[in-house]
Number of protein chains: 2
Amino acid sequence: MNIYRYEENPLITPADVAPHRPDFEVLGAFNAGVAEYQGETLLLLRVAEKPISEDPNIVKAPVFNVETQQLDILEFRLDDPTYDFEDPRMIRTRDKMEGFAYLTSLSYIRIARSKDGHNFTVDEKPFLYPFNEYQTFGIEDARVTQIGDVYYVNFSAVSEMGVADAMISTKDFVSYEYEGNIFAPENKDVLIFPEKVNGKYYALHRPSLKSIGNLDIWIASSPDLHSWGDHRHLLGIRDGYWDSGRIGGGAVPIKTEKGWLELYHGATKEHRYCMGAVLLDLNDPMKVLARTETPILEPEADYEKNGFFGDVVFGCGTIVEGDVVKMYYGVADTSMACCEMSLAEILQQLEDESR
Amino acid sequence: MNIYRYEENPLITPADVAPHRPDFEVLGAFNAGVAEYQGETLLLLRVAEKPISEDPNIVKAPVFNVETQQLDILEFRLDDPTYDFEDPRMIRTRDKMEGFAYLTSLSYIRIARSKDGHNFTVDEKPFLYPFNEYQTFGIEDARVTQIGDVYYVNFSAVSEMGVADAMISTKDFVSYEYEGNIFAPENKDVLIFPEKVNGKYYALHRPSLKSIGNLDIWIASSPDLHSWGDHRHLLGIRDGYWDSGRIGGGAVPIKTEKGWLELYHGATKEHRYCMGAVLLDLNDPMKVLARTETPILEPEADYEKNGFFGDVVFGCGTIVEGDVVKMYYGVADTSMACCEMSLAEILQQLEDESR
């Protein structure tokens, strides 16, 4: 696979984003959804901001308060035996180390705009900021599906009630309509197909399971984009592979002559995130035709290997122009990068490796 | 709350059910969905059967094999250090004690029929037996919603891929149509309302969450019973109460003048299961009007306190005749019982305790 990484990479870093309030610092501008709108490339950045702490013994957790419509800043002492602070992204209670109790940063969605796809200007204000009780811990990892002149943006809505997947719709990337939680918790990495197939909408999703099952990709169908059913297991993790720990949909599925091309992320149990490809039947996306044995993109560049959470490439959207697939992707949970790949080469790799 | 427990309780015990194959024994006939059909009361029993083991050092796990359409009987040695056998219901891997790797019994749905509601005859053959890859570990806890002359039966579909909620429809309780997985894993205790409210179907559901959130009741709406969306958190566990550990919908919601009456189960962290009541707005079931502080039914009778898994009352359906609510309920994960309560008294308790 020939990968052309942009010379300007990383395209957007935390230094390019002013915090939304002066007592916060920007940790990351990453995992952006992608849209083409009025001749521009829009990146719906996940901006993660952290309350500045002067006291190194204090860890702060920002929580959106629905009643006041403001953030509450909770404070925890590092020597509090109830909590574990080992993972810098979260605060865990020692008796439930599998999950988290609070997040140390607040994520929300901010738009970066570009005329050439290389040089971006970040909006001054957030586009999607927590606005209800399902988003008190933040809004993460937007994906954008354009259907006609409506852009459907879905994202992880994180709160103490769980991690659900919610949706808004917009026609102008200024105002939006809230469309509710479209997938019940615990679910992430929802990717809505850009058109109906045999009269139904389809979406990939990635439930996180408590009692049994892996972090695998499922697929569902819908009559109306709001309600989803006929849930089926689509793609599993693979022992001994680069995607042995967890997988999840990445970019909005790309329609090709060979089938629906999904660029997905896979990670090892040690959290090294790569991107791979899977091909789904054009007339029945619940049918897997081919899957790459090897990744199409691995963390190799310095900005992919080092950052807030290193060894991560995490694509959430593409722009396809003829044979060129421009994949915008988050790197190291910190910044945004872009690479170009040949659509024909990806399809060839799928064919070669699925023999 | 005046509770009239039937003198015949327990109405159905494992001794009343012949195993579906000679090398199995019946552990439980419990947690039945309830339907009225052609003048009879039908209980859609969850029958749990276990492969007989002659060797006390061997634990067996039955797994439905989709290819052969037969059960594979896996064998585990009690001294195998990889696994934990402390909970008799499951086999766990020692590095993932939160969940399970296999179940030691296979559950499926068998029908018991009665003309008087007290004396039941159990069908000779299963009604719903595992038939696809989502049910390899069994089918559990059916609920029945009658809409017109169609009975929709939803149940937990358990496999190594997760615990989803699936649905079939039937008009005669002999043949059925498979309607797919209607809720993605991990989810249980789905209760479909018996009619549309303001043009939409509604269902309660109970996601099991991995990273954050409690075992709480959520609600969703649907245009067609197959696809579900607009997921909202409805009812939470309560610290210090009888429902402090987990809750889940019990019986199909009952339409009353005061609102939709839901009889739900709640358990402590020590797994003592009681039944409580909650009242939802007639025109907007996503709105909670009242909730009982105290249970309406607690495990008190010997058959409720002792059994395969004691201290459990678990109602999955009711028959309402005027002021009489007949609640059929599983006891101690073993048998079925029935009690009668006054609808007016339940509503009065809701009013009194919600002041």
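The values are calculated or read from the model by the stated rules, or taken from the named source; none is laboratory data. Note that the structure is predicted; figures quoted are calculated from it, not measured. Using ideal geometry, Cβ is built from the backbone for each residue, glycine included, and neighbour counts are taken over all protein chains shown. Accessible surface is based on the protein model in full, side chains and every heavy atom, while ligands, DNA and RNA are left aside. Shrake-Rupley method; radii C 1.70, N 1.55, O 1.52, S 1.80 Å.
The single residue among B:GLU298, B:GLU340, B:GLU257 that is modelled with pLDDT of 95 or more, touching a Cys at 6+ places or on another chain (Cβ under 7 Å), under 29 Å from B:ASP116 (Cα atoms) and surrounded by fewer than 23 Cβ atoms within 10 Å (Cβ to Cβ) turns out to be B:GLU298. Of all residues in the stretch B:270-298, those being under 16 Å from B:GLY245 (Cα atoms) and within 20 Å of the chain's Cα centre (by Cα) number 9. Would you pick out the residues in the stretch B:215-228 that are in a strand (DSSP E or B), aliphatic (A, V, I, L, M) and either facing chain A (nearest Cβ under 9 Å) or touching a helix residue (DSSP H, G or I) at 6+ places or on another chain (Cβ under 9 Å) (or both)? Hit for the stretch B:215-228 is B:ALA220, nothing else.
Take B:VAL174 and tell me if it is out of contact with any helix residue (DSSP H, G or I) (no Cβ under 9 Å at 6 or more places or on another chain), part of a loop (DSSP other than H, G, I, E, B) and more than 9 Å from chain A (Cβ to nearest Cβ). Yes, satisfied. Within the stretch B:146-181, being surrounded by fewer than 16 Cβ atoms within 10 Å (Cβ to Cβ) and touching a Lys or Arg at 6+ places or on another chain (Cβ under 8 Å) holds for B:ASP149, B:VAL150. Please find, within the stretch A:229-252, the residue that is farthest from the chain's Cα centre (by Cα) out of those that are under 11 Å from A:LYS269 (Cα atoms), part of a loop (DSSP other than H, G, I, E, B) and within 14 Å of chain B (Cβ to nearest Cβ). So the residue we want is A:ASP239.
Picking from residues in the stretch A:204-228 that are open to solvent by 30 Å² or more (accessible area, probe 1.4 Å) and without any contact (Cβ under 8 Å) to a residue 40 or more places away in the chain, the one that is nearest to A:HIS271 (Cα to Cα) is A:ASN214. Is it the case that A:ASP95 is more than 26 Å from A:ASP189 (Cα to Cα) and within 14 Å of chain B (Cβ to nearest Cβ)? Yes.
Among the residues in the stretch B:257-278, are any more than 8 Å from chain A (Cβ to nearest Cβ), among the basic types (Lys, Arg) and in a strand (DSSP E or B)? For the stretch B:257-278, residues more than 8 Å from chain A (Cβ to nearest Cβ), among the basic types (Lys, Arg) and in a strand (DSSP E or B): absent. Taken over the stretch B:191-207, the criterion of being assigned to a loop (DSSP other than H, G, I, E, B) and of a type outside the set (Asp, Glu) is satisfied by B:PHE193, B:PRO194, B:LYS196, B:ASN198, B:GLY199. Being surrounded by 21 or more Cβ atoms within 10 Å (Cβ to Cβ) and in contact with a Pro (Cβ under 8 Å, 6 or more places away or on another chain) is the filter here, so list the residues in the stretch B:229-242 that pass it. B:HIS231, the sole residue that qualifies. Taken over the stretch A:12-26, residues that are outside any loop (DSSP other than H, G, I, E, B) and under 22 Å from A:SER114 (Cα atoms) amount to 5. Give B:LYS188, B:LYS210 a once-over and let me know the one that is among the basic types (Lys, Arg), within 14 Å of another protein chain (Cβ to nearest Cβ) and in a loop (DSSP other than H, G, I, E, B). After applying the criteria, what remains is B:LYS210. Candidates in the stretch A:151-170 are the residues that are of a type in the set (A, V, I, L, M) and touching a Leu at 6+ places or on another chain (Cβ under 9 Å); of these, the one that is farthest from the other protein chains (Cβ to nearest Cβ) is A:VAL153.
Screening B:GLY249 on (1) crowded, with 23+ Cβ neighbours inside 10 Å; (2) without any contact (Cβ under 8 Å) to a residue 12 or more places away in the chain; (3) not hydroxyl-bearing (Ser, Thr, Tyr) shows it passes everything except condition (2).
Per the listing A:GLU8, A:GLU36, A:GLU54, A:GLU67, the residue uniquely closer than 17 Å to A:SER335 by Cα and surrounded by fewer than 17 Cβ atoms within 10 Å (Cβ to Cβ) is A:GLU8. Among the residues examined, A:GLU133 qualifies as touching a Ser or Thr at 6+ places or on another chain (Cβ under 7 Å) and touching a residue at least 40 places away in the same chain (Cβ under 8 Å).
Does at least one position in the stretch B:279-289 carry a residue that is out of contact with any Ser or Thr (no Cβ under 7 Å at 6 or more places or on another chain), surrounded by 24 or more Cβ atoms within 10 Å (Cβ to Cβ) and under 30 Å from B:MET90 (Cβ atoms)? Taking every residue of the stretch B:279-289 in turn, none turns out to be out of contact with any Ser or Thr (no Cβ under 7 Å at 6 or more places or on another chain), surrounded by 24 or more Cβ atoms within 10 Å (Cβ to Cβ) and under 30 Å from B:MET90 (Cβ atoms). The strands (runs of 3 or more DSSP E) falling completely within the stretch A:48-125 that include 3 or more residues that are closer than 30 Å to A:CYS339 by Cα map to A:106-114.
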